[in-house]
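Following: one structure in structure tokens, then a few remarks.
Derivation of every value follows stated rules applied to the coordinates shown; laboratory data play no part. The structure presented is a predicted model; accordingly, all values stated were derived computationally and were not measured. Positions of Cβ are backbone-derived with ideal geometry, glycine not excepted, and every protein chain shown enters the neighbour counts.
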Amino acid sequence: MAGLFDTAIGFLAALIVSTLVIFIVTKLTGEKEGLVTALIAAIVGTVIYTLVYWILGNGLLAALVGGFVWLLALKALYKIGWLKALLIAIIVWILAALVGFVLPTLTGPF
């Protein structure tokens, strides 16, 4: 079982990676906002998914509701339309999955 320190380090590492992925994707899609907006989007996304999964539990419904609410957050933070928010979210999801596959996990047999 991970301790508080390990959990905090894992959270910070995931937040940094998420922020960078969101920043890169939004820059590739032509957005002008900077790293701070990407950080806010990463934090908001984490809070949204945490609350939705806490309320609805694991499953497809929680993923759909969390994804929809995160699209609303992206629309508001970047002042973009639905399709662009969806495009950004899909690319972020794909890149985050690739990064998660490539990077080693923080916890392990150390």
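Structure data summary
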item: Local electrostatic count at LEU72 - Lys and Arg +1, Asp and Glu -1, tallied over other residues with Cβ under 15 Å; result: +3
item: Computed [θ] at 222 nm, deg cm²/dmol, the chain (DSSP H ≥ 4; -39,500 (n - 2.57); rounded to nearest 500); result: -27500 deg cm²/dmol
item: Principal axis dimensions, largest first and in whole angstrom, of the stretch 20-102 by Cα; result: 35, 31, 22
item: Degrees between helix 82-102 axis and first principal axis of the chain (Cα, 0 to 90, nearest 10); result: 30
